[in-house]
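Working notes, structure below.
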Amino acid sequence: MRGNPSTPHHLPPMPALIFSARWLQLPLYLGLILAQGVYVFLFLKELWHLLHDAFELSEQAIMLIVLGLIDVVMISNLLIMVIVGGYETFVSRLRLQDHPDQPEWLSHVNASVLKVKLAMAIIGISSIHLLKTFIEAGALGGLPFCDPALLAQLAGEASVGTGKQCSTLTVQGVMWQTIIHCVFILSAVGIAWTDRLMAGAKASHALAAETH
């Protein structure tokens, strides 16, 4: 006879010790909460810069700042998924079934679902970075590369108001960033396809078990 699920199950000492090792992850998730606070500060800092200099910034500069704000928000969303979903999956239940603000995805979260959602979030973040790179690359206008010697020269010329600029982008850098983004997309497709195959195999085994 199976015991009552609500009754705590007492494990032998060694399995209990091994199972309780999951609580060692708690400081990691608390650290991610602190990192979330840093991103909130960064968002407010960039937002203040946008509002304070709105009448002086060009349209391209405003667009880049807004993309940076979106990037911070998407990274914060990724942190929330890792903190909440990871804690729920690997540490302990949050017991949010009756909470009105329970995330919709948390009700069916597991390691596979969390892995796919993280892959999609990383693709979104990579897309924002790639878009910022394309915008900056499209406005280079033949600017030289910012090597250390040129940066020192431009810093000295800034006091006399020459207005010269340089760029940290190169053709090879943009190409590799695009390739890495495509690799992220292929990796996410591979993860989703593998999870679909595993889900289909589980469904087939369950159906075969019911028929026998």
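Every number in this text was worked out from the coordinates using simple rules, so none of it is lab data. Every value quoted in this text rests on a predicted model; they were computed, and no experiment measured them. Backbone-built Cβ (ideal geometry, glycine too); neighbour counts: all protein chains shown.
Summarising the label geometry, the points placed 7 Å from Cα in the beta-carbon direction at Q172 and E104 lie 4.6 nm from one another. Can you compute the label reach from K132? Point 7 Å from Cα along the Cβ direction, backbone N cut-off under 18 Å, restricted to the range 21-37. In the range 21-37, the label zone of K132 (backbone N under 18 Å from the point 7 Å along Cα→Cβ) covers 36-37.
If you filter the range 53-127 for trypsin sites (Lys or Arg not before Pro), then keep DSSP loop positions with at most 15 other Cβ within 10 Å, what is left?
Numbers: sites: R93, R95, K115, K117; in loops: R93, R95.
Sites meeting the loop and neighbour criteria: R93, R95.
So how much slack lies between I62 and I80, counting 0.36 nm per residue of separation and subtracting their Cα-Cα distance, in nm? It would help to have the intermediate numbers written out before the result.
Working: separation 18, 0.36 × 18 = 6.48 nm, distance 2.71 nm.
3.8 nm is the gain from fully extending I62 to I80.
The calculated FRET efficiency for K115 paired with H10, based on their beta-carbon distance and R0 = 41 Å, is about 0.80. Between L47 and W23, the FRET efficiency estimated from the beta carbon spacing at R0 = 35 angstrom works out to 0.40. Basic side chains Lys and Arg get +1 at the Cβ, acidic Asp and Glu get -1 at the Cβ, and with that the dipole of the range 42-108 about its Cα centre reaches some 340 debye.
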